[in-house]
Each structure stands twice: as C-alpha cells, then as structure tokens.
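What follows draws every value from the coordinates through simple rules; no lab data is involved. Keep in mind that this is a model prediction, so the values were computed, not measured. All Cβ positions, even for glycine, are placed from backbone atoms using ideal geometry, and neighbour counts span all protein chains on display.
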Amino acid sequence: MNFRKTTETDSHYQALEKMPLEDLLRNINREDQTVPLAVAKAIPQIEVLTKKVVAKLKEGGRLFYLGAGTSGRLGIVDASECPPTFGVPQDLVIGMIAGGDTAIRKAVEFAEDSTTQGWEDLKKYEVSKNDVVIGIAASGTTPYVIGALEKCNESQVVTGCITCNENSPLAITAQYPIVVVVGPEFVTGSTRMKAGTAQKLVLNMISTAAMIQLGQVKGNKMVDMQLSNNKLVDRGTQMLMDELMISQKEAEILLQQYGSVRKALQAKQ
C-alpha cells in the first residue's frame, strides 16, 4: 500500500523558537488560509457522505462521530451543538471519543490504540444498519476508529470518515471517505492545527447541511433552536419581530406562549 502521512511531513518553517512573535502569528495564519481551499477540493466526497447521512436520518437512524484526541473532541463539539441549534433530540447526533468522557478534558494514554474498544463503545448504543458512523482521524491510522469501522462494515452499518492523509487505512476502510489534504503542519505533526481546522469545517458542513435538508431551518433562521439562555431568547424575539412585523413586546409574549419560534410563526402565519 502506497501510504505516506503528509500530516507528519517536516514543517516548511524552521527554528520556530527563534522566530519573532509577529512572524509566528503571520505564518500560522498563512498556513491556516490554505485549509478552506483543501476542503473545497473534497466537496464532492462531502456531498456523497452527507446524502447518506440525510437519507438515514430521514428513515429514523442516527449519526455517530467516532474519534480520539482532537478528532474525538471535535466530533463531540459538533454533536453537542445540534440539539440547541436545531432543536433535534440529544441522541440524534452522538459524539464518541477513545477513553470516554474523561478524555474530553484530559488525554487518556493508549486509549486510541485498542482495535476493539471503538466497536464495544458503539454497541452500548445498539448501533444498527439504520445508522451512519463517521470515523474522524487526521492520521487515518487510529486503531480505535479503524477497528470500529471494520466491524460496522461487517454489520452493514454505513461508514464514512474524515482524514487528512490520502490512501490511509481509515480512508480505505470507510465506505464513504472524505480526505482533506492540508499538508505539513506549522509545528511538525501537530494535527490540532490545520488538520483540526479542516475537520471542524467538514463537520460543520455535514451537520448543518443535513439539518437544513431535514427541515430544521426556515429561510436562514434557526427556528427550532432551544431557548436555553437570554441570548437565544433575544434572538428568537428578533426573528418574530422581523418575520411578523410586530413589536418587541408582542414578540416576547408570542415566544413565551408557544415556546419556540417555529410554533409561534405557524400560529400567526
């Protein structure tokens, strides 16, 4: 197999400890600007996987993100933001990380090296062929993720992945791979940087596009968002003011009465 980790390739920048602070910041920013261009090249792959996600969610399935370290944390962030943003159930999009919840805040040594634990973690949720499992690993070599996707394939569970190395074991294992080649990191091998940014962008695209396709957005507004803090209540009030051409007081009363922007709009339109 012809596989080379470009994410581990030596940085284009040398003697970082001697670089003036402004140069450090500008060079990091210069590298970051290449990430959206790399993501753009992967849009055809992103579209194919997102279509599968939408189809399964419409059929009553769930979306799982599975990763380790930075990749796992990014999946958890995206999953955890879907309910408050789009008003969907907590168990519709599920983020999982090698080492469990402890690993969200603190690295759990060698957790990602197990070839069986990923599948064991998925089994706790009774994962089935109605679901989609997306493995996230910048390197494309994480045993925790690859082992889980192999078992998913055997069990007829749809599998996708987000990785930053071409021809990686993960990309070969996933039925619907997304490969975003960001190249060497500013700090050699530090995939929390460009690779992490690329993964975050792709996750945003998948979940946001899927939720729009599922009807959780009206126009360009988050009409199903959970009104869980004052900021969101204020946002919902403004949505009703703009959409119904009513006063702030009237909007506040409507929002309190119906408990959501969508329900208030449906009642008045």
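For region 147-158, putting each phi into the Karplus relation 6.51 cos²θ - 1.76 cosθ + 1.60 with θ = phi - 60° gives couplings of x, 5, 5, 4, 5, 4, 4, 5, 9, 6, 8, 5 Hz, in residue order, rounded to whole numbers and with x for Gly and Pro. May I ask for the angle, rounded to the nearest 10°, between helix 69-86 and the longest principal axis of the chain, with both axes built from Cα atoms and the value confined to 0 to 90°? Approximately 10 degrees, to the nearest 10.
For LYS268, go through the lysines and keep the ones whose alpha-carbon is under 24 Å away, minus same-chain ones fewer than eight residues off. Hits, sequence-local ones excluded: LYS218, LYS221, LYS231, LYS249. Estimated translational diffusion coefficient (Stokes-Einstein, Kirkwood radius over Cα pairs, 20 °C, 1.002 mPa s) of the chain: 107 µm² per second. Using only Cα atoms, locate the centre of region 100-127 and the centre of region 205-269, then give the distance between them in Å, rounded to an integer. The distance from the Cα centre of region 100-127 to that of region 205-269 comes to 37 Å. Computed across region 1-150, the Kirkwood hydrodynamic radius from all distinct Cα-Cα pairs reaches 17.5 Å.
The distance between label points at LYS58 and GLU8 comes to 4.2 nm (points 7 Å beyond Cα on the Cα→Cβ vector). Under 5 Å between amide hydrogens, built in the peptide plane, is the criterion, and for VAL158 it picks out ASP131, VAL133 among residues at least 5 positions away or on other chains.
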